[in-house]
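These notes are about the structure you will find just below.
The values are calculated or read from the model by the stated rules, or taken from the named source; none is laboratory data. Every value quoted in this text rests on a predicted model; they were computed, and no experiment measured them. Cβ placement follows ideal geometry from the backbone for every residue including glycine, while neighbour counts extend to all protein chains displayed. Ligands, DNA and RNA are excluded from the accessible area calculation, which covers all protein heavy atoms including side chains. Shrake-Rupley method; radii C 1.70, N 1.55, O 1.52, S 1.80 Å.
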Amino acid sequence: QVQLVESGGGLGQPGGSLRLSCAASGNILRIYTMGWYRQAPGKQRELVAGITSGGSTNYADSVNGRFNIFRDNAKNTVYLQRNSLKPEDTAVYYCNADVLQHSWSSSNTLWGQGTLVTVSS
């Protein structure tokens, strides 16, 4: 079994910064794309940022220039550095990873349990 465990959520102030972490553990052969999604109250889950195993990144327009996604492949961990926080960044943030567990199988998309981030003064 593979688990994704997020950390770093909580209360942030407008204009401030917070970093989220997501560590994958378990039977892992390789992790392909990793990413962060978020779901605000009453809204659908949306992609915030993604990063491939080679380091290529993509961002939602709403966070481009403010958020930075990076990963440590040796630690099977992905991070989301969030700067210039806005109240509209308030949401539950979910980690996502495309994980290969066995050489004879295909990869599976796994999700973390989610961590609440509230941006408020």
task = Starting from the Cα gyration tensor of the range 1-72, multiply each eigenvalue by 5, take the square root, and state the resulting semi-axes largest first in whole Å.
result = 22, 15, 13
ask   = For the range 19-59, what is the convex hull volume of its Cα atoms per residue in Å³?
value = 100 Å³
task = Work through the residues other than residue 90 whose Cβ is under 15 Å from its Cβ and net out their charges, Lys, Arg +1 and Asp, Glu -1.
result = +3
Semi-axis lengths, Å, the range 80-121, gyration tensor of Cα atoms, sqrt of 5 times eigenvalues = 32, 10, 6
ask   = At a probe size of 1.4 Å, how large is the accessible area of residue 105, to the nearest 10 Å²?
value = 40 Å²
Solvent-accessible ranking of 59, 93, largest area first, probe 1.4 Å = 59, 93
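If each residue of separation counts as 0.36 nm, what is the full-extension length gain between residue 43 and residue 11 once their alpha-carbon separation is subtracted?
Stretched fully, the residue 43-residue 11 segment lengthens by 9.5 nm.
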request  = Take the Cα pairs of the chain, get the Kirkwood Rh, then feed it into Stokes-Einstein at 25 °C and 0.890 mPa s and tell me D in µm²/s.
outcome  = 170 µm²/s
remark   = Taking a crude spin-label model, label points 7 Å out from Cα along the C-beta direction, the residue 56 to residue 116 distance in nm is 3.8 nm
